[in-house]
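Visitor: Once you've had a glance at the structure underneath, I'll fire off some questions.
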Amino acid sequence: MKKTLSLLMVLMLALSMLAGCSQKAADPAPADSSTPAESSEAPAAPAEQVFVNIGTGGTAGTYFPLGGAFAEIWNNNIPGVNATAQSTGASVANINLLMDKKVEVVIVQNDIAMYAHDGVKMFEGQKFDNLRGLSTLYSEPLQIVTTDPNITSVQDLKGKKVAVGAIGSGVEANARQIIEAAGLDFDNDIEAKFLSFSEASSGLKDKQVEVAFLTAGIPTAAIQDLSAQNDVFIVPIDGDIASKLMSEYSFFTEYVIPAETYKGQAADVHTLTVKSMLCVSADLDDELAYQLTKQIYENHDRVVAAHNVGKYITKDTATEGMSVPLHPGAERYFNE
């Protein structure tokens, strides 16, 4: 009997100890300052993807390679951004694409930007109040190119087949201004051909056109390509024509294309210039505008590698010639 009672007591004690151990295992362990607590926070969500389409210009011009460089910089340095550069008809076409929300960033001439913002010239009745600038880039001299050494003045264009830029481009606008300042009639005194830079170069090679207008940073790839097999001559824009243009259009300034910029160009050529610039809509997010602007200047070596004019794209000159209001995001960067 005593053995039986002893056995029951041992069994009850064992069951009690087992229950206690089970309870301890179920209870959470007390906090220990020497052991780091596991984080209950979820991993950071990836940045929301933002598409940034860049309106540039023809593939043989300056805008397209620069746009490609900007896209690469933004993709590599701004989380979530998916940027692509697309070839377009350049300035005027780019403004229309921006108005229609088909692109987010455009490279344009500062004169065309001003026309769009104010609703004048080719934008009569289409005032783009929301047009904003991110920065100005580099000078774009007006270049009148020919392979005929007998064409030495704007007046010599009378009766000639002339490439005047793609329809709706800044080149076309400048060609009309220059021809008018020379006392010629655009519709009747020249045979206008609406060609892109590369088409104009091919036209000069094949003698389908005799003269071509280009507004682009120097050296321009399309003219370099032409000069590989032809001597190139640049028609000056100076004297009374230059004075008349500068008095009528405040964005024009004097410019000298140095001798030997192109094969066959033996002397300096006096002409006029506008400036290229980056434009966006006022609706663009301020932080995104800030980052787009910042990354260009903080990755300057990639811009220089894209095109020779990249060396002129500096923060010190980024608001010179700004012809529309600056976007608040860009303004914040320049004020830092």
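The values are calculated or read from the model by the stated rules, or taken from the named source; none is laboratory data. Everything numeric here is computed off the predicted structure, so don't read it as measured data. Note that each Cβ is placed from the backbone with ideal geometry, even for glycine, and that neighbours are counted across all protein chains shown.
Visitor: Can you go through Val256, Val274, Val304 and tell me which one is surrounded by 20 or more Cβ atoms within 10 Å (Cβ to Cβ), on the phi < 0 side of the Ramachandran plot and of a type outside the set (Asp, Glu)?
Guide: So the residue among Val256, Val274, Val304 that is surrounded by 20 or more Cβ atoms within 10 Å (Cβ to Cβ), on the phi < 0 side of the Ramachandran plot and of a type outside the set (Asp, Glu) is Val274.
Visitor: Let me ask something else. Identify all residues within the range 155-173 that are assigned to a helix (DSSP H, G or I) and at pLDDT 95 or above; write none if there are none.
Guide: Across the range 155-173, the qualifying residues are Gln155, Asp156, Leu157.
Visitor: Modelled with pLDDT under 90 and either small (Gly, Ala, Ser) or in contact with a Gly (Cβ under 7 Å, 6 or more places away or on another chain) (or both) - does that describe any residue in the range 1-13?
Guide: Yes: one or more hits.
Visitor: Between residues in the range 143-154 that are over 14 Å from Leu214 (Cβ atoms) and residues that are exposed (fewer than 15 other Cβ atoms within 10 Å of the Cβ), which pairs lie under 6 Å by C-beta distance while being six or more apart or on different chains?
Guide: That search, which allows pairs on different chains as well, returns nothing.
Visitor: On to the next question. Which count do you get for residues in the range 180-206 that are surrounded by fewer than 20 Cβ atoms within 10 Å (Cβ to Cβ) and in a loop (DSSP other than H, G, I, E, B)?
Guide: Total meeting the criteria: 10.
Visitor: Among the numbered criteria (1) touching an Asp or Glu at 6+ places or on another chain (Cβ under 8 Å); (2) surrounded by 20 or more Cβ atoms within 10 Å (Cβ to Cβ); (3) β-branched (Val, Ile, Thr), which one does Ile151 miss?
Guide: Single failed check for Ile151: (2).
Visitor: Please name all residue pairs, on different chains or six or more residues apart, with Cβ atoms under 8 Å, provided the first residue is in the range 96-119 and is in contact (Cβ under 8 Å) with a residue 40 or more places away in the chain and basic (Lys, Arg) and the second residue is surrounded by fewer than 24 Cβ atoms within 10 Å (Cβ to Cβ) and not in a helix (DSSP H, G or I).
Guide: Listed by first residue and then by second, the contacts come to Lys101/Ser281; Lys102/Asn53.
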